[in-house]
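To start, the structure itself, in structure tokens.
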Amino acid sequence: MVSRHDTTAVDIIDGQTTADNTVARQADKWSRYGDDRLREECGVFGVFDHADASALTALGLHALQHRGQEAAGIATCDGTQFHLERRMGLVGDNFNKQTVIDRLKGRSAIGHNRYSTTGDTILRNVQPLFADLDTGGFAVAHNGNLTNALTLRRELVSSGAICQSTSDTEVILHLLSRSKKRRIVERFVDAIRQIEGAYALVGLTDDMLIGARDPVGIRPLVIGRLDNAYVLASETCALDIVGAEFIREVDNGEVVAITKDGIESHRPFPKRPAQPCIFEYIYFARPDSIINGRSVYDVRKQFGVQLAAESPADVDVVVPIPDSGVPAAIGYAQHSGIPFELGIIRNHYVGRTFIEPEQQIRALGVKLKHSANAGVIRGKRILLIDDSVVRGTTSKKIVQLMYEAGAKEVHMRIACPPITHSDYYGIDTPSKEDLLAANLDNEGMREFMGATSLAFLSINGVYRGVGETGRDSLRPQFTDHCFTGEYPTPLTDQNGTEAPRQLSLLAEVL
Ligand code: AMP
């Protein structure tokens with residue numbers, strides 16, 4: 001429990017206090033900030049004014065588990081005091097007991113799922129983060145990644161700030177605390193005007209739930225209604241699980257302040273078109289979510305249709321790499337008329353491939369995760385479909401698996417373009433040297449995988465898949481830097497290391 005005005009209070013995380021953990025990590029170097037920063041990709045959830053706020057938040061986080069499996073946390077406020085539980089591991093393993101839910105008192109709550117690719121997780125980075133401000137307590141949870149957090153952090157620390165975590169999100173709390181504005185919403189706006197990059201934020205005070213999206217709207221955030229309560233969630237699938245009705249998305253560059261009086265909308269940034277991240281459709285979001293009015297499942301199927309039109313193959317059977325390749329494989333099979341078969345069975349009790357840090361463990365993870373359904377593979381010309389290739393580990397393993405199961409030919413089709421550039425906005429893609437497509441051409445990648453043929457969906461195919469006629473090169477409708485190297489925000493912390501091409505429209509006020 002964290003008192004609103006008790007600045008010495010620490011919350012208990014997995015039996016270890018944040019203070020203990022801070023001491024244990026004192027040897028951390030500056031570089032660790034940047035290191036850790038790049039691994040945050042998450043799901044957020046919030047409820048305002050519901051008797052079951054903490055239980056609903058646990059459910060919402062459960063539906064958003066695919067966005068982060070490393071750690072989860074919930075903060076509630078009972079009007080006077082804040083309560084905080086932050087745990088390592090899955091929501092279902094940590095927020096499944098009535099005693100835990102009961103400890104999280106109050107009618108308002110926020111929650112967070114954290115995703116990381118490393119075992120070297122720092123407990124104090126688990127969100128929501130909490131601070132006692134002179135306006136009262138404030139808890140915050142963040143999906144995305146700030147691209148100037150390191151720069152801001154250096155300035156803050158050199159002017160006396162004491163940081164408790166290595167998370168970019170903590171910078172927001174410091175900026176809030178330093179704002180001279182009177183109202184918390186104004187302070188919040190003050191703070192987010194100084195940050196750059198991707199953020200879908202939920203914040204909680206003793207009488208308000210705040211939601212915000214960065215000026216481009218890179219990461220998703222939706223508003224729902226449940227009885228008389230309001231809900232904020234990264235994806236609509238989290239509204240569905242709690243039975244909330246979808247109201248609308250938080251717009252790009254919008255801050256919503258939800259109180260007993262309803263929703264107050266603030267638009268503190270110059271108006272510009274939204275550029276949500278295309279990778280939500282490709283991989284990250286759950287297929288039953290609706291993003292920007294489009295069903296993620298339908299879009300993924302369309303990627304498969306486009307892929308079949310662009311890159312046909314003379315094969316006997318279309319086989320998805322489960323689960324992420326399934327919708328595109330259905331689309332490919334329907335368009336091409338080639339039979340669809342579940343030639344690979346996935347073990348669902350193994351985490352996502354990227355959850356383990358080392359390449360060797362990761363490779364083993366893929367093997368643990370997938371097995372061949374030899375009966376539909378043996379003697380056949382197989383067309384494998386996956387949503388994306390990052391390091392190439394999955395594709396290489398599975399091509400081998402198909403041959404071991406007796407495939408005659410193994411053709412690879414990927415339902416997005418080659419990923420040639422790193423992400424700085426909260427989706428874990430490694431640095432360029434580890435990205436297969438940044439280092440090899442199509443033939444090199446085919447050879448690396450051992451496939452008979454290899455083709456990727458074109459960038460225009462992706463845009464057609466989401467219902468556009470193609471990519472508007474002057475003003476792209478989505479953030480697609482992984483494929484194009486065009487980043488929609490400054491990458492201040494990168495300091496030109498990646499020499500990103502920024503779109504000229506960035507500075508443009510529309
Ligand atoms: P890789 O094995 O390194 O080529 O990664 C590709 C596989 O990982 C595909 O099966 C994708 O479904 C999945 N994937 C793609 N992007 C991500 C990500 N950001 N985090 C975790 N898994 C991913």
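The heavy atoms of Leu474 offer some 140 square angstrom of accessible surface to a 1.4 angstrom probe. The antiparallel fraction among DSSP beta bridges confined to the range 363-503 stands at about 0%.
Distant-in-sequence amide contacts of Phe82, defined by a placed amide H-H separation under 5 Å and a gap of 5 or more residues or a different chain, comprise Val2, Arg4. Here the Karplus curve 6.51 cos²θ - 1.76 cosθ + 1.60, taken at θ = phi - 60°, turns the phi angles of the range 389-400 into couplings of 10, 10, 8, x, 4, 5, 4, 4, 4, 6, 4, 4 Hz, with x standing for Gly and Pro. Among the listed pairs Lys97/Lys369; Lys301/Lys380; Lys369/Lys396; Lys301/Lys397, a Cα-Cα separation exceeding 21 Å is found for Lys97/Lys369; Lys301/Lys380; Lys301/Lys397.
Stretching Ile162 away from Thr135 to a fully extended chain increases their span by 7.8 nm, per 0.36 nm per residue minus the current alpha-carbon distance.
Extension gain for the segment Asp227 to Gln334, taken as residue separation times 0.36 nm less the Cα-Cα distance, is 34.4 nm to one decimal.
Partners of Lys181 within straight-line reach, counting lysines whose Cα lies under 27 Å from its Cα and excluding those fewer than 8 residues away in the same chain: Lys260, Lys271. Computed with the Debye formula from one identical point scatterer per Cα of the range 40-272, without solvent, the log10 of I(q)/I(0) at q = 0.08, 0.10, 0.11, 0.14 Å⁻¹ comes to -0.24, -0.38, -0.47, -0.79.
Are there any trypsin sites (Lys or Arg not before Pro) in the range 238-333 that are in a DSSP loop and have at most 14 other Cβ atoms within 10 Å? List them by number. Please list the in-between numbers first.
Working: sites: Arg248, Lys260, Lys271, Arg294, Arg300, Lys301; in loops: Lys260, Lys271.
Answer by residue number: Lys260, Lys271.
Between Asn439 and Asp93, the simple label model (points 7 Å from Cα in the Cβ direction) yields a spacing of 3.1 nm. For Arg381, the amide hydrogen comes within under 5 Å of the amide hydrogens of Asp316, Val317, Lys408, Glu409, counting only partners 5 or more places away or on other chains and with H modelled in the peptide plane. Computed over neighbours whose Cβ is under 13 Å from that of Lys181, the net charge equals +3, Lys and Arg +1, Asp and Glu -1. Given their separation in residues at 0.36 nm each and the Cα-Cα distance between them, Asp323 and Arg154 gain 56.7 nm when the chain is fully extended. Scattering from the range 290-465 was approximated by placing one identical point on each alpha carbon and applying the Debye formula without solvent; log10 I(q)/I(0) at 0.15, 0.16, 0.17, 0.18 1/Å stands at -0.83, -0.95, -1.08, -1.22.
For Thr479, the residues whose amide H sits under 5 Å from its own are Cys277, Ile278, ignoring neighbours fewer than 5 places away on the same chain, with H placed 1.01 Å from N. Derived scalar couplings between HN and Hα for the range 438-449 equal 7, 10, 10, 7, 4, 5, x, 5, 4, 5, 4, 7 Hz in order, rounded to whole Hz, by the Karplus curve 6.51 cos²θ - 1.76 cosθ + 1.60 (θ = phi - 60°), x for Gly and Pro. A simple rule links phi to the HN-Hα coupling: the Karplus curve 6.51 cos²θ - 1.76 cosθ + 1.60 with θ = phi - 60°, which for the range 141-149 gives 9, 9, 10, x, 8, 8, 9, 10, 5 Hz, with x for Gly and Pro.
The Kirkwood radius of the range 65-148, taken over pairs of alpha-carbon atoms, gives through the Stokes-Einstein law at 25 °C and 0.890 mPa s a diffusion coefficient of 182 µm² s⁻¹.
The values are calculated or read from the model by the stated rules, or taken from the named source; none is laboratory data. Fair warning: this is a prediction, and the values are worked out from it, not measured in the lab. For neighbour counting, all protein chains shown are included, and Cβ atoms are generated from backbone atoms with ideal geometry for every residue, glycine included. Heavy atoms of the whole protein, side chains included, go into the accessibility calculation; ligands, DNA and RNA do not. Shrake-Rupley method; radii C 1.70, N 1.55, O 1.52, S 1.80 Å.
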